[in-house]
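Quick note: the coordinates plus some simple rules give every number you see, no bench work behind them. Being a predicted model, the structure only gives us computed values, none of them experimental. All Cβ positions, glycine included, derive from the backbone under ideal geometry; neighbour counts span all protein chains shown.
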């Protein structure tokens with residue numbers, strides 16, 4: 001097998017017994033890194049330390065990932081003006097301060113479903129009111145008794 005030393009330099013082609021003896025002299029492990037190569041490649045290393053460093057790298061990569069938050073706001077098609085403004089203020093806060101996506105859910109009850117155009121008009125009004133700070137990620141779509149759309153910060 002081809003043997004690679006602690007410092008990463010090639011030692012050469014040696015027998016399995018010789019490789020194990022060298023690893024034991026160093027007080028380290030013999031790790032097979034390329035079993036399909038001809039001859040197979042083995043490395044002398046501290047395997048526990050290697051696994052620890054690999055785990056730390058994965059944790060660091062996970063820490064740097066951006067978490068996308070989606071906030072939800074529920075409304076009804078017959079929403080009053082004050083309630084609309086109150087919910088709009090929340091939507092604007094989510095988009096600007098929290099940099100989160102906002103899922104606006106228009107919730108239809110009973111026979112309100114017949115007047116889906118009223119719900120769509122409210123959603124269009126939200127799009128108009130937030131056009132300077134948000135863009136439409138998913139346009140208004142009917143999903144059962146709900147009409148949903150997703151806004152994302154610009």
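Separation between the residue 128 and residue 97 pseudo-spin-labels, each 7 Å from Cα along Cα→Cβ, expressed in nm?
For the pair residue 128/residue 97, the computed spacing is 2.7 nm.
In whole Å, what is the distance between the alpha-carbon centres of the stretch 31-104 and the stretch 106-154?
27 Å
If R₀ is 30 angstrom, what is the calculated FRET efficiency for the pair residue 21 and residue 55, using the beta carbon separation as r and rounding to 0.05?
E between residue 21 and residue 55, to the nearest 0.05, is 0.50.
GNM, the chain, Cα, under 10 Å: largest mean-square fluctuation among 143, 112, 18?
18
Compare 139, 35, 77 in a GNM of the chain, Cα atoms joined below 10 Å, and give the one with the largest fluctuation.
Result: 35 has the largest fluctuation of those listed.
Give me the one-decimal nm value for the distance between modelled label points at residue 47 and residue 62, 7 Å along each residue's Cα-to-Cβ direction.
Going from the residue 47 label point to the residue 62 one covers 2.3 nm.
Would you look at the GNM of the chain, springs on alpha carbons closer than 10 Å, and say which of 108, 94, 86 moves the most?
Its mean-square fluctuation being the largest, the pick is 86.
Highest mean first, what order results for 99-105, 116-122 on Cβ atoms within 10 Å?
Highest to lowest by the protection proxy: 99-105, 116-122.
Antiparallel DSSP bridges in the stretch 70-153: what percent, to the nearest 5?
70 percent
As an exercise, use a Förster radius of 25 Å and the Cβ-Cβ distance of residue 135 and residue 84 to find the FRET efficiency, rounded to the nearest 0.05.
E(calc), rounded to 0.05, equals 0.75.
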